[in-house]
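The values are calculated or read from the model by the stated rules, or taken from the named source; none is laboratory data. In this text, all values refer to a predicted model and were calculated from it rather than measured experimentally. Here Cβ is always computed from backbone atoms with ideal geometry, including for glycine, and neighbour counts include all displayed protein chains.
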Amino acid sequence: MISAPSTLALEADPGADPAPAGTDEPAILRAAIAGDLPAREEIVRRHHRRVYAYLHQMTRHREDAEDLTQQTFIKALRHLDRVDPDRPVIHWLLTIARNTALNHFRDGPRWSELPAEIASDTASPARRAEDRDHLDQLWAKARRLLTPREFEVLWLRFAEEMSIADLARTVRLNQIHVKVIIHRARHRLLKGECPP
């Protein structure tokens with residue numbers, strides 16, 4: 001039994017640079033499935049930032065994203081026996097995050113216009129600020145012009161760098177439908193058109 005999962009997500013440092021996702025991840029995941037608390041904490045540490053960023057893009061509210069991130073990790077840690085240790089755990093976590101957020105929005109969408117807080121991996125502070133401003137503008141334009149579904153699919157594909165196959169499983173669509181959504185959304189962004 002786990003006594004500390006509810007605090008694990010809060011203790012994760014969202015600003016820390018996680019180790020590459022593939023580095024010993026299957027071994028860590030197997031240890032976590034076996035009940036090893038440090039391995040469970042390592043899973044949270046490695047993936048907290050990406051889960052939070054995804055949920056922040058969906059909710060546009062820091063507090064909601066923090067709460068949903070914690071809920072995501074609590075659910076994930078309770079059901080680690082359901083994950084395949086030979087596949088990237090981030091896709092499974094993002095699926096849980098998406099379902100948790102959808103349950104949160106069941107009463108209706110709460111999208112709002114707030115500046116995006118997207119992390120950058122560049123070393124120079126000036127370059128980081130420039131890249132962040134460009135990404136903020138791009139994602140703000142996407143949020144303005146695209147439907148919530150199109151925005152979510154683009155976010156998962158490009159911000160999370162999810163494969164088409166994993167993305168299709170996450171949003172519960174077939175791969176062709178996902179490709180069509182991406183194509184139409186990109187076309188709409190290039191032309192600056194709002195959805196019909």
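Quick look at the values:
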read-out	value
Selected residue (criterion: nearest to Arg143 (Cα to Cα)) from residues of segment 31-67 that are of a type in the set (Asp, Glu) and part of a helix (DSSP H, G or I)	Asp64
Any hit, segment 13-31, residues being within 19 Å of Thr100 (Cβ to Cβ) and modelled with pLDDT under 90	yes
Residue, nearest to Thr95 (Cα to Cα), within segment 25-71, restricted to residues that are without any contact (Cβ under 8 Å) to a residue 12 or more places away in the chain and acidic (Asp, Glu)	Asp67
Answer from Arg132, Arg106, Arg110 - the residue that is at pLDDT below 90 and assigned to a helix (DSSP H, G or I)	Arg132
